[in-house]
1. With the full set of protein chains in place, find how many percent of the accessible area of region 1-148 is carbon and sulfur; take the probe as 1.4 Å.
2. Note down the nm distance, to one decimal, between modelled labels 7 Å out along Cα→Cβ at Asp64 and at Thr150.
3. From the residues Thr130, Trp113, Thr150, which one has its Cα farthest along the dipole of region 113-153 in the positive direction, the dipole being from +1 and -1 charges on Cβ of Lys/Arg and Asp/Glu about the Cα centre?
4. Restricting things to Cα coordinates, could you compute the convex hull volume per residue of region 1-91 in Å³?
5. Mean shadow of region 59-126, computed from the convex hull of its alpha carbons, in nm²?
6. Can you work out the Karplus-derived ³J(HN,Hα) for every residue in region 48-62? Use 6.51 cos²θ - 1.76 cosθ + 1.60 with θ = phi - 60°, whole Hz, and x for glycine or proline.
7. Calculate, in nm to one decimal, what Gln119 and Met160 gain on full extension: separation in residues at 0.36 nm each, minus their alpha carbon distance.
8. Report Rg/Rh for the chain, rounded to two decimals, where Rg is the Cα radius of gyration and Rh the Kirkwood radius.
Amino acid sequence: MSVVIDGGVREAIREVATALLPELPSIGAGTAEYIEAAMPEVAQPGVAEFIEAACHANSSTILDGLLRGVSLDAIAPSPEVIQTTRAVVRQGLTMSDVVRGYQLGSTYWCTRWAEGVEQHCSDASLAVATVSGGTTFILGWLERVVDRLTAEYRDEAERMA
């Protein structure tokens with residue numbers, strides 16, 4: 001499925017994504033902090049490091065996708081994210097924990113995206129469509145990544161069994 005976005009909105013999304021590039025490290029860290037605050041079970045040694053690595057890798061992927069207008073059909077988790085998923089299986093997190101973490105991370109990202117649009121969208125008449133376009137991308141990314149990571153989780157759990 002591809003989301004059709006008109007040229008003005010596409011350019012506004014690119015403008016906001018470009019403005020957020022310097023904030024990428026703090027967005028990745030903020031995503032991890034948000035997840036860890038909502039899920040204290042992941043804020044334990046041996047797990048928190050994996051969550052933080054995945055948040056930084058996923059944040060880079062999301063921002064790159066928004067910046068370049070990547071088709072949702074081309075979205076796949078990075079090798080780092082796949083390795084992180086395998087590691088959290090070994091640490092004892094459930095698939096429900098993984099999905100909840102991704103849902104929380106996407107919530108953080110949607111909020112951060114809306115704030116970024118408010119701060120950096122130069123054409124106020126495009127702001128709502130820009131928030132919508134970015135949020136639609138983030139939620140589409142979530143769906144695809146969770147589908148893929150569910151399979152990775154299952155495969156790793158079977159290898160461990």
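The values are calculated or read from the model by the stated rules, or taken from the named source; none is laboratory data. Note that this is a predicted model, so its numbers are computed, not measured. Note: ideal-geometry Cβ built from the backbone for every residue, glycine included; neighbour counts use all protein chains shown. Keep in mind that these areas ignore ligands, DNA and RNA; they rest on the heavy atoms of the full protein, side chains included. Shrake-Rupley method; radii C 1.70, N 1.55, O 1.52, S 1.80 Å.
1. Roughly 57 percent of what the probe reaches on region 1-148 is carbon or sulfur.
2. For Asp64 paired with Thr150, the spin-label model returns 2.5 nm.
3. About the Cα centre, the residue reaching furthest to the positive side is Thr150.
4. Convex hull volume per residue, Cα atoms: 106 Å³.
5. Answer in nm², one decimal: 5.7.
6. Karplus values, whole Hz, x for Gly and Pro: 4, 5, 5, 4, 4, 4, 5, 5, 5, 5, 5, 4, 4, 5, 5.
7. Answer, rounded to one decimal: 10.1 nm.
8. 1.00
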